[in-house]
Each structure stands twice: as C-alpha cells, then as structure tokens.
Amino acid sequence: QAVDYTFTLQPCVAPTGLSLVADSTIGYVESNIHVEAQWLPENSLGQKVTWSLSDESIAQIISADNHTAQLQLLTAGTVTLTAATPNGLTASIDLTACVHPGQIDLVQGLNPPVQLLPNDYFDCSFTADTTGYYRITTNQKTVKLQLDAPTVMRNGERLYHLEAGKTYSGGMDN
C-alpha cells in the first residue's frame, strides 16, 4: 500500500535580528534562569552565539550553546546577559537576583505579647538583621500591617524590602 507524503519547502535565509527570552527575569540568589536566543526572521539559520555577562559576581553561565544559556544567580543585583554573533548581531536582557525573603513574625516576636481586639491599633518597630525582602506575618489573617518600607508584590504576596541595621516602625490594626 502506497503512502503519500507532502513536503513544504521553505528557504532558509540569513538572520537579520536576534532576541533573548528568559523563563524569568527575576530570581532568587542560588536559583537558575534559562535564556533562549531567538533568530529573526523565524526561517533564518541560527549562528554561533557568544554569551557574556556584565558582572560575573552577580551571576555565572553554567551551561551554554548556540541557542540557550543557563545562568545561576550568585548574589543580589542586576546583571545584563548579552548574546553576540560573528556577523555583529547582538541582543541583551537584564536579569535581577533577589535575596530569598526572610520571615518576621511580629505577633510572636513582640515582647510582651499583644492581643488585638477589633478596631484596635498598636505601634511596632524592629530592626532588620540583613538586607533583603521579607515576608511579614502574624498569627491572625485579619491583621493589617502598615510599615514604612518599600514593597513589591510577588506571586500574590507583599514582600517588604528592608535594609540591615535600619529600624522600621509601623502599626497593625484589626
């Protein structure tokens, strides 16, 4: 029995552009980020790529080929990853390494312990041991924290960026 095959021929062309796509542009220290080189137009032939980092103290390339690079984040900061070809095409992407959030439990950490009744408010203050992002929790989900520190939302939770040795003050209410 004969089988019919259909082939589509598409001419390959020299690439005119290069872009980089990362699985994430922000990661925690000691995590890995995967970056892929994409040739433009899509039907172009890939070329040899040389990968380089703007600061090898923040990240290191742990594996690379002409299509992908795998980086490990070493310390907090922002680093630029650049891919370059022999014919002068380049593309860059900025990657940011963050310290994994610590956790401060304000209610359990207060001495003496505080009991919040509905509509109560109390002042709190504490000093961060190390610089980084912190998840600040209480043992009551209804308690709201108001703190004088910059915040970011990551995966649906609020993280506070605290600096080592700095005392932060704020309040909690029900």
#### Entry: Accessible area per residue, Å², segment 1-54 with all protein chains present, probe 1.4 Å
73
## Note on the structure
So, with points 7 Å from each Cα along the Cβ direction, the Q47-S92 label distance in nm works out to 1.9
### Query
Of the peptides 2-10, 29-37, how do they stack up when ordered by the mean number of other Cβ atoms within 10 Å, highest first?
29-37, 2-10
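For segment 1-86, what % of the accessible area comes from carbon and sulfur atoms, probe 1.4 Å?
Numbers: 2760 of 5430 Å².
Carbon and sulfur together cover 51 percent of it.
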### Message
Can you tell me the length gained on complete extension of the stretch C12 to N66, counting 0.36 nm per residue apart and subtracting the Cα distance?
### Response
17.7 nm
### Message
Can you give the log10 of the normalised intensity I(q)/I(0) at q = 0.14 Å⁻¹, computed with Debye over equal Cα scatterers of segment 1-88?
### Response
-0.56
### Query
How would you rank 50-60, 67-77, highest first, on the average number of other Cβ atoms within 10 Å across their residues?
67-77, 50-60
### Task
Output the direction-averaged projected area (hull surface divided by four) of the convex hull of the alpha-carbon atoms of segment 1-42, in nm².
6.2
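The values are calculated or read from the model by the stated rules, or taken from the named source; none is laboratory data. In this text the structure is predicted, and so the values were computed from the model without any measurement. Counting neighbours? That spans all protein chains shown, and the Cβs are built from the backbone with ideal geometry, glycine included. The area values use the complete protein model at the heavy-atom level, side chains included, leaving out ligands, DNA and RNA. Shrake-Rupley method; radii C 1.70, N 1.55, O 1.52, S 1.80 Å.
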